[in-house]
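Please read the structure below before turning to the comments.
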Amino acid sequence: MRERQRNTDAPPDVVPAFVRGDTDAFFEVYRLHEGAIRRVAQRVFDGPFEQEEAVQEIWLTVHRSCHTFDPARGSLSGWLRAVAINKVRELLRAKGREPAADLDLDEAPDEALKLDGPGPEKAAQLSRIRAAVTQFARGLPAEEARVLELALVEELSLEEVAQALSSTVRRCKYLKKKLLVRAVTDPGLQRVLEELLPEGGR
Amino acid sequence: MSLLWNRRRLRKAVSGELGPAEELRLRQHLSGCASCRGYYDRLVVTARAMRGDLNATRTEAARTEARLRSLLGSAAPGRSASSAAPTRARFPFRLAPAFALASVLVVAGGALVLRMRGEEHATEGLRGGPEARVAAGSLWAHARSREGGPVRVVAEFPGAGEAQVSQREYVQFGLRNLTQPGYVAVAGVDDGGAVHLYYPQSGDGRIEPVDGRVRLGRSIDFAIGHDPGVVRLFLVVSSTPIPPEAATDVRALTEHPEAREVGVLKVVP
């Protein structure tokens, strides 16, 4: 299931509240733009933990500086991206690192940050991952295969999964955890996922 | 803390089953433990791969939102969330939301006392722990223009009086002559009463003693979140760790009787 790129900056009534520092408005903006901001972090940082820390820092900076956004000077999405890029640069500098030479954060248009259409390398990587997951799923008992499809692929809640399988939430929770353990220790799957991990995590 | 227990906690985290305080504690551990971080990264990447995708999962987005709400002191929607938060928190009754982490500096029974230039003084643990003596170093600040160029020495505190930084600069804080391991924090209070936490921005702020200088975290961009004006600087050095639960116990930094102001920064455009 691909994430749809949101084109909506924010509802008109949300922006003034966001600038005032209203928390509800902040989280409305977060929900609308979290994918785009996360993609900035994913472009620069390798590991999920580093990406998460960067995303958190970016949004805390957004919250701190929300009063500096002026709708008359540009779009909210453009402002958010500028804050994100500045923060990412700051984080890289603090780690004694520089952005990769082929990563032009300043010039990259919004479209370049979308993952709707992955480049050839990413497409090949996705293809390998999907094949590995399909192979992994073939070896699962029927009930676990269904839990994989509903809880991990479609990301339904445990209540929804339990209802779909006529099972209990507790059982589905157990099976979901068991699946994760199986997947993280499956040699074939992990071999393919190695390239997605930062070097220290391999 | 066994490896097996850690891995169980990490799986719970990835599944979105940890509460905010537990998640914060876990992330502090992950900041310093490469082994657990490696396993965590592998779990997250695996969960993403199960969707046949490389993007973050909805669970990741929800976890980030929950962490932000915890750090900003905001309830989840549908509960008693305030819809009229002030633009900036006013000291001393509320801390600037983005710096709710500054609240870790001040906890009931906690005492953070700081003195410069190797002078010893008594401190109490942040949670009212045993009295401890920590010899603190001095706080230094350097700056460099956003456009690059040489680093300039801003000041060394205390003793610098009022030092000046520009919003066109990045400012790096550091310590000198810390003689014992300690948990360090640096924060500023601006004209509007907002609290800015400069260090730590992640992790527990633990510093090992050094003979020379040690940088404290990342450089600070004073163009973000700061208006031109005056910022009062506070340095905190404690012998006991700052517990993660303190992040939700908001206290005004300078209301604490043993917090110490070390200097003033004048922020200019």
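The values are calculated or read from the model by the stated rules, or taken from the named source; none is laboratory data. Note that the coordinates shown come from a computational prediction; the quantities given were computed from them, not determined experimentally. For neighbour counting, all protein chains shown are included, and Cβ atoms are generated from backbone atoms with ideal geometry for every residue, glycine included. The protein model used for the area step is the full one, side chains on, heavy atoms only, and it has no ligands, DNA or RNA in it. Shrake-Rupley method; radii C 1.70, N 1.55, O 1.52, S 1.80 Å.
Quick notes on this one:
- Of all residues in the stretch A:155-187, those being buried (at least 17 other Cβ atoms within 10 Å of the Cβ), within 25 Å of the chain's Cα centre (by Cα) and hydrophobic (A, V, I, L, M, F, W, C) number 9.
- Pairs with Cβ under 8 Å, 6+ apart, first in the stretch A:68-94 and under 21 Å from B:PRO228 (Cβ atoms) and within 10 Å of chain B (Cβ to nearest Cβ), second open to solvent by less than 10 Å² (accessible area, probe 1.4 Å) and aliphatic (A, V, I, L, M): A:VAL83/A:ILE58; A:VAL83/A:VAL62
- Leading residue by the ranking (farthest from the other protein chains (Cβ to nearest Cβ)) among those in the stretch A:19-29 that are crowded, with 21+ Cβ neighbours inside 10 Å and in a helix (DSSP H, G or I): A:VAL29
- Every listed requirement among (1) closer than 22 Å to A:LYS95 by Cβ; (2) in contact (Cβ under 8 Å) with a residue 24 or more places away in the chain; (3) not in a strand (DSSP E or B) is met by B:PRO209 save one, (1).
- Count - residues of the stretch A:30-58 that are part of a loop (DSSP other than H, G, I, E, B) and open to solvent by 20 Å² or more (accessible area, probe 1.4 Å): 1
- For the stretch B:19-46, the tally of residues that are at pLDDT 85 or above, aliphatic (A, V, I, L, M) and open to solvent by 20 Å² or more (accessible area, probe 1.4 Å) stands at 1.
- The stretch A:110-122, subset surrounded by 11 or more Cβ atoms within 10 Å (Cβ to Cβ) and within 11 Å of chain B (Cβ to nearest Cβ), residue modelled with the highest pLDDT: A:LYS122
- Scan the stretch A:59-79 for residues that are crowded, with 23+ Cβ neighbours inside 10 Å and within 11 Å of A:HIS33 (Cβ to Cβ) and the total you get is 2.
- Listing of helices (runs of 4 or more DSSP H) fully contained in the stretch B:1-61 that carry 1 or more residues being under 24 Å from A:VAL153 (Cβ atoms) and facing chain A (nearest Cβ under 7 Å): B:3-14, B:34-50
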